[in-house]
Amino acid sequence: MNKTTTLPSRRDFLHTVTAAGASALLGSTALSQTPPPKPNKTRLGFDNFSLRAFGWKADRLIEYAASQHLDSLFITNLDALESFEQPYLRDLRARAQDRGIDLLLGSWSICPTSKAFRNTWGTAEEHLALGLRLAQALGSPVFRCVLGTREDRQTDGGIERRIEDTVNVCRAVRTRALDAGVKIAIENHAGDMQAWELITLIEAAGKDYVGVTFDSGNVTWTLEDPIDSLTKLAPYVACTHIRDSMIWETEHGARVAWTAIGEGCNDARAFFAKLAELCPGIAVHAEIISGFNLEFPYLKPEFWDVWPQARAADFAPFTALAKAGKPVPPFRPAEGQDRRQAEQSYQQAELERSLRYCKEVIGLGLKT
């Protein structure tokens, strides 16, 4: 994976971005003027992190999914399971099936050298092996995991070294994954890898048992456009986390705020049309993480130190989105309001508004 690359000068890079960004902005405008796509019957669900302030366990999450007339539930932290024993897992699977809900399972970092790695479930290999066993027991076709976060780009050897370490962990459990019939679905997570870097990881590990959890919000933390990134990653997508993003220009670059679906500066209709076209049969799981924003000061030269192989053609559509966006205020509880209760109400409202948009505007979901 260590390749000698001739990099463009920063001046050439930014010049290319400016020209391409203008073209991308025109393309974005054209997309917004196209008629809405015909309603499709893609399965609709949510990721339990959307309701993190509640701390619900799996059985309560299943009941909530049923109350929202959803088709799928993505549980992405093992703490939501009250036991790893077969009788409990069998009962949980049956409970979900009785309500017509598919279960998907995931967990955290499987890169032993990532700053995000935790040894709660043993070594990276033990963690991944456990996840594959639990996913098989619950009937989940995937086990979602992550490499790490954007902080890993600053570590010794950079993200390229962390990719190599993650590939080695995946290879160590290849036979387990194939025997279980569960795909290791690595997410583009919290600014760790751009689309082309994640593809490098999957191809090196083996796409017969490793795929992608496509997160449309995390794409914007790697300075990419969701539709552009989806187009690149589509052949590898095994499952999704979907939310919207609002991006706006600042003095030093741009800020990104994740939003409810349909409330960002992305062309949501065009995005879902592309998802249905390129990833037929893949369920949409809303993972809503609203309420804050993060700055990306790409006009400062030192910002690019951790992005040595950034590509102008990938960055340009992101700058076009930034020109189209507007500031979003962060979430703050009302004066005197209990913080936890405020967060619960806010998160539930953001999620349910997103689900309504997916059903009523995009036409997602198998249930009325």
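The values are calculated or read from the model by the stated rules, or taken from the named source; none is laboratory data. Note that the structure is a prediction, hence the values are computed from the model and not measured. Don't worry about glycine lacking a Cβ; one is built from the backbone with ideal geometry, like all the others, and counts go over all protein chains shown.
Below are the figures for this structure:
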quantity: Tabulated pairs, segment 135-159, first closer than 18 Å to THR123 by Cα, second of a type in the set (S, T, N, Q) and at pLDDT below 95, C-beta under 6 angstrom, 6+ apart or interchain; calculated: none
quantity: Boolean, GLY217 is touching a residue at least 40 places away in the same chain (Cβ under 8 Å), within 23 Å of LEU70 (Cα to Cα), out of contact with any Leu (no Cβ under 8 Å at 6 or more places or on another chain) and small (Gly, Ala, Ser); calculated: yes
quantity: Restricting segment 276-294 to residues that are aliphatic (A, V, I, L, M) and touching a strand residue (DSSP E or B) at 6+ places or on another chain (Cβ under 7 Å), the residue that is nearest to ARG43 (Cα to Cα); calculated: ALA283
quantity: Matching option when the condition is closer than 15 Å to VAL210 by Cβ, crowded, with 21+ Cβ neighbours inside 10 Å and at pLDDT 95 or above, among ARG174, ARG144; calculated: ARG144
quantity: Subset tally (residues that are outside any helix (DSSP H, G or I), of a type in the set (D, E, K, R) and without any contact (Cβ under 8 Å) to a residue 60 or more places away in the chain) for segment 315-343; calculated: 3
quantity: So TYR357, is it over 20 Å from the mean Cα position of the chain (by Cα) and either among the small types (Gly, Ala, Ser) or within 24 Å of SER229 (Cα to Cα) (or both); calculated: no
quantity: Residue that is farthest from the chain's Cα centre (by Cα) [pool: residues in segment 63-90 that are in contact (Cβ under 8 Å) with a residue 40 or more places away in the chain, surrounded by 15 or more Cβ atoms within 10 Å (Cβ to Cβ) and in a helix (DSSP H, G or I)]; calculated: LEU89
quantity: Residue satisfying all of: in segment 94-104; surrounded by fewer than 19 Cβ atoms within 10 Å (Cβ to Cβ) and of a type in the set (D, E, K, R); nearest to LEU134 (Cα to Cα) among these; calculated: ARG95
quantity: GLY157 vs. criteria surrounded by fewer than 24 Cβ atoms within 10 Å (Cβ to Cβ), closer than 19 Å to TRP196 by Cα and either at pLDDT 95 or above or among the hydroxyl-bearing types (Ser, Thr, Tyr) (or both); calculated: yes
quantity: Conditions (1) more than 22 Å from PHE46 (Cβ to Cβ); (2) free of Cβ contacts under 8 Å to residues at least 40 places away in the same chain: number failed by ASP98; calculated: (1)
quantity: Where a residue in segment 344-358 is within 17 Å of PRO330 (Cβ to Cβ) and its partner, wherever it lies, is modelled with pLDDT of 95 or more and among the polar types (S, T, N, Q), with Cβ under 7 Å and at least six apart; calculated: GLN347/SER50; GLU350/SER290
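Residues are listed down the side, and each one gets a yes or a no for (1) polar (S, T, N, Q); (2) farther than 20 Å from PRO317 by Cα; (3) surrounded by fewer than 21 Cβ atoms within 10 Å (Cβ to Cβ):
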residue: GLU164; (1), (2), (3): no, yes, yes
residue: LEU178; (1), (2), (3): no, yes, yes
residue: ALA204; (1), (2), (3): no, yes, yes
residue: TYR209; (1), (2), (3): no, yes, no
residue: THR240; (1), (2), (3): yes, yes, no
residue: ASP244; (1), (2), (3): no, no, no
residue: GLU251; (1), (2), (3): no, no, yes
residue: ALA257; (1), (2), (3): no, no, no
